[in-house]
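Okay, structure first, notes after.
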Amino acid sequence: MPIEVNGKSFETDEEGYLANLNDWVPEVATVMAKLENQPLTDAHWEVINFLREYYEEYQIAPAVRVLTKAIGKKLGPDKGNSKYLYELFPYGPGKQACKYAGLPKPTGCV
Amino acid sequence: MAMLHTVNKSPFERVSLDSCISMAKKGSSVLLIEDGVYGALKGTKVADKVSKAMDGITFYVLGPDLAARGMTEERIISGIKVVDYAGFVDLTTKHENFQAWL
Amino acid sequence: MAEPWEEENEGKVKKFMFINRKAPYGTIYALESLEVVLITAAFDQDVSLVFTDDGVFQIKKGQTTAGIGMKNFSPTYRALEGYDIEKLYVDKESLDARGLTAEDLIVDVEVMSRAQLADLMNEQDVVMSF
């Protein structure tokens, strides 16, 4: 089902992931989060932006374990742990944060 | 009558380039595309065979397929001409007939 | 019930080897292999990758695919380290036949002889061929 952002319609797949990565603007995350009643704080944006950069560099959405480790490396151990990330994104940091960031579902995520 | 041949398979995996070279007549052209572009590289185990065949046959290689595979023009056997898609179309119109070595 | 972040993987670790023998883009093998490798890594297995024959072209530096309208997946090989996949082996004979050296590759690899690769292959529990 397409989502409406700033009066424009963006194509998504059956699980709500953005069909075209290049369509992404920050408002996409805002709209997707609103649909799931998920507030977005600076801490959420930090993870979303991190995922955008990760994808830019490696052309994949990381598995949760890899994301956790990579965040720990860049933002410190208080953020690079599963508990912190699951509290921010209760549907799973891989699935939910990747979706808001406009990335595909992480490979190996079922 | 000048014929255009295309080869789209890697010369390290298939015999398409071999067969093409042995059957292309003098004055004809060979265009390397897709995985066939590896046949245009210098310093490979097939480079000698290609260089020898260039006496009589004109070789071309498709630039976008080279770039996709991380190959730059300086790695190409000298004398092989790099063409883009428009050049590919030109080649097809300038030859009377065409054989694709799949 | 365990929280999601407390999940433990108690499965047995097996030795998986992926043998990559095809050039990228011309066929789908290289990309499919990469996907299976990433999935296998998610299960904490002992994974090693071998690049031999035209498979060595998969990790050639400088791939630029805009002109052919396909996704350049070569940067993903550099993500493998983050997945704890650090055993990347390349067949020297295949590099030589193609005029390539380890300098041409986008990731750090161990260049090996076919005899060394044969020994490694023999030690595996599972060998997958692409």
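Laboratory data are not the source of any read-out in this text; all were calculated from the coordinates shown. Predicted model only: the values in this text are computed from it and were never measured. Virtual Cβ from ideal backbone geometry, glycine too; neighbours counted across all protein chains shown.
List the aspartates and glutamates whose alpha-carbon lies under 18 Å from that of A:K79, not counting same-chain residues fewer than 8 positions away?
Candidates past the 8-residue exclusion: A:D42, A:E46, A:E53, A:E87, C:E3, C:E6.
At 222 nm, what value in deg cm²/dmol follows for chain C if DSSP H runs of at least 4 each add -39500 (n - 2.57) and the sum is divided by all its residues, to the nearest 500?
On the way: 3 runs with 29 residues, N = 130.
Using -39500 (n - 2.57) per qualifying helix, the result is -6500 deg cm²/dmol.
So how strong a dipole does segment A:3-100 carry about its Cα centre when Lys and Arg Cβ are +1 and Asp and Glu Cβ are -1, to the nearest 20 debye? Don't skip to the answer; put the middle values down first.
Numbers: 11 positive and 15 negative charges, 101 e Å.
In debye, rounded to 20, segment A:3-100 gives about 480.
Could you tell me the number of lysine pairs in chain C with C-alpha atoms less than 27 Å from each other, where the two lysines are 8 or more residues apart or belong to different chains?
19
Of all beta bridges DSSP finds with both residues in segment C:29-130, what is the antiparallel percent, to the nearest 5? Before the final figure, lay out the partial values.
On the way: 1 of 8 bridges.
In segment C:29-130, approximately 10 percent of DSSP beta bridges are antiparallel ones.
Rounded to the nearest 500, what is chain B's calculated 222 nm mean residue ellipticity when only DSSP H runs of at least 4 contribute -39500 (n - 2.57) each, over all residues? Could the numbers behind the result be given before it?
On the way: 4 runs with 31 residues, N = 102.
Rounded to the nearest 500, the figure is -8000 deg cm²/dmol.
Under the Kirkwood approximation applied to all pairs of distinct alpha-carbon atoms, what is the hydrodynamic radius of segment C:15-130 in Å? Intermediate results must be reported in sequence, preceding the final value.
Values: mean 1/r = 0.0700 Å⁻¹.
Roughly 14.3 Å, rounded to one decimal.
Within the protein assembly as shown, what percent of beta bridges assigned by DSSP are antiparallel, to the nearest 5? Each step should come with its number before you reach the end.
Numbers: 6 of 39 bridges.
The antiparallel proportion sits near 15 percent.
Just B:K52, B:K81, B:K25 to compare: in a GNM of chain B, with alpha carbon springs under 10 Å, which one fluctuates most?
B:K52
So, counting K/R as plus one and D/E as minus one, what does the shell of residues with Cβ under 14 Å around A:L18 add up to?
It works out to a net charge of -2.
With a 10 Å Cβ neighbour count serving as the proxy for reagent exposure, in which order, fewest first, do C:T27, C:T76, B:T72 appear? Mind showing how you got there, number by number?
On the way: C:T27 17, C:T76 20, B:T72 11.
Listing C:T27, C:T76, B:T72 from fewest to most nearby Cβ atoms yields B:T72, C:T27, C:T76.
Can you classify the protein assembly as shown as rounded, prolate or oblate using the Cα gyration tensor, where a ≥ b ≥ c are the square roots of its eigenvalues, rounded means a/c under 1.5, and otherwise it's prolate if a/b beats b/c and oblate if not? Walk me through the intermediate numbers first.
Working: a/c = 3.05, a/b = 1.68, b/c = 1.82.
Oblate shape, in that a/c is at least 1.5 and b/c is the bigger or equal ratio.
Any idea what the alpha-carbon Rg over 2.2 N^0.38 Å comes to for chain B? Working shown, then result.
Working: Rg = 12.1 Å, N = 102, 2.2 N^0.38 = 12.8 Å.
My calculation over the Cα atoms of chain B gives 0.95.
B:I33: net charge of surrounding residues, Cβ under 11 Å, Lys/Arg +1, Asp/Glu -1, itself excluded? Walk me through the intermediate numbers first.
Numbers: positive: B:K9; negative: B:E34, B:D35, B:D65.
The answer is -2.
Compute, for chain B, the length of the dipole vector about the Cα centre, with Cβ point charges of +1 (Lys, Arg) and -1 (Asp, Glu) only. Units Debye, rounded to 20. Kindly include the intermediate steps, with their values, before the conclusion.
On the way: 12 positive and 12 negative charges, 60 e Å.
Roughly 280 debye, rounded to the nearest 20.
Can you find, among A:A33, C:T52, C:V13, the residue sitting farthest towards the positive end of the charge dipole of the protein assembly as shown, where Lys and Arg contribute +1 and Asp and Glu -1 at Cβ?
C:T52
Could you work out which residue, out of C:D96, C:D46, C:D54, moves most in a Gaussian network model of chain C, that is, has the largest mean-square fluctuation with Cα springs under 10 Å?
Looking only at C:D96, C:D46, C:D54, the largest GNM fluctuation is found for C:D96.
Given bins 10 angstrom wide, list per bin the percent of all Cα-Cα distances in segment A:3-100, short to long.
Calculated P(r), rounded to whole percents: 15, 51, 30, 5.
Given the options C:A102, C:A66, C:A118, which has the most mean-square fluctuation in a GNM of chain C, springs set between C-alpha atoms less than 10 angstrom apart?
Most flexible of the set in this elastic network: C:A66.
Using the crude model of +1 on Lys and Arg Cβ and -1 on Asp and Glu Cβ, and no other charge, please compute the dipole size for the protein assembly as shown relative to its Cα centre, in debye to 20. Write down the numbers at each step before the final one.
On the way: 37 positive and 51 negative charges, 243 e Å.
So the magnitude is around 1160 debye.
For segment A:3-100, what does the relative contact order come out to in percent, with C-alpha contacts under 8 Å and a separation of six or more?
24
Across segment A:56-72, in residue order, what do the Karplus-derived ³J(HN,Hα) couplings come to in whole Hz, using 6.51 cos²θ - 1.76 cosθ + 1.60 with θ = phi - 60° and x for Gly and Pro?
Karplus-based 3J(HN,Hα) across segment A:56-72 equals 4, 7, 10, 6, 9, 8, x, 5, 3, 4, 6, 4, 4, 5, 5, 5, x Hz.
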